[in-house]
Amino acid sequence: MKSTRFIHLENQGMTARVSLQNVLPLQRKPELITRTPTGKIASLPILKGINTAIVPQELTPEAVMAGDPELQYENAGKILEMDLMTTAYFAPETPTKIPVSDFQFIDEIYDPHGRVSDRRPHLTRKSNINDTLPVKLGKRIPIEQALTTFVFRYTYQLVHEDGVTMDFLYKLAQDLDQNRVVALLGAGPKGNQPLVLRDKGSPYRAFLYGKVGQETDQGKYKLLLLLSDQELKLPPEEPQ
């Protein structure tokens, strides 16, 4: 069972903790259940018996015809106990695959031309969307400008828990919808930090999009959290 994720949000001096969920599809796919005469079928992780030490591009036709160097029959079909497994890292230049621990994660920053412009130690971040300090609404940007300036990687829906939080979210969605804008969200004391949804997760520039129903859908609303980690920019012209 998945744990519910909450976001602590502030708007016009009022705060509320509301549920943050994946956007539901317009039409849910029917659940597919596979059965046999002996019962329901369940998936089970197993080893495929592939020799990971082999580089496929370096295999010769003669080696393949003489045997099966890309396969390891002794490991094929072994059941993986996922709860007992941990992540291991190996140095690619060593001939023997021995786990290493003396290393550092480095983030590489690329410029618009695709070249590495900066290298910095990777930061392990803590989730900041449900802290004591609420996430604040900041600058408003026209919807058209946001859609043509940023690449949105993830979308989540804000869902009310009761009548009070419904009124809070509805008024927020109504304000954004009437002004045809999205609101920039920020965490931290000044509300200017990117959002981190989960521990050890990536930081995202976050926007809030709102829509309220009309005519037969009056009283309904939609409030979406849009996450972006990439801005669309034209690269500067290089000197001829």
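Only the coordinates and a few stated rules stand behind these numbers; no lab work does. Note that the structure is predicted; figures quoted are calculated from it, not measured. Glycine also receives a Cβ, built like all others from the backbone with ideal geometry; neighbour counts cover every protein chain displayed.
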Pairing a residue in segment 83-94 that is farther than 17 Å from Phe105 by Cα with any residue that is surrounded by 10 or more Cβ atoms within 10 Å (Cβ to Cβ) and not basic (Lys, Arg), where Cβ atoms lie under 9 Å and the two sit 6 or more apart in sequence or on different chains, gives Thr94/Val100
Counting only residues that are assigned to a loop (DSSP other than H, G, I, E, B) and touching a residue at least 12 places away in the same chain (Cβ under 8 Å), segment 97-122 contains a total of 9
Over segment 82-96, the set of residues of a type in the set (Asp, Glu) and in a helix (DSSP H, G or I) is Asp83
Taking segment 130-150 and keeping residues surrounded by 12 or more Cβ atoms within 10 Å (Cβ to Cβ) and part of a strand (DSSP E or B) leaves Val135, Lys136, Leu137, Gly138, Arg140, Ile141, Pro142, Phe150
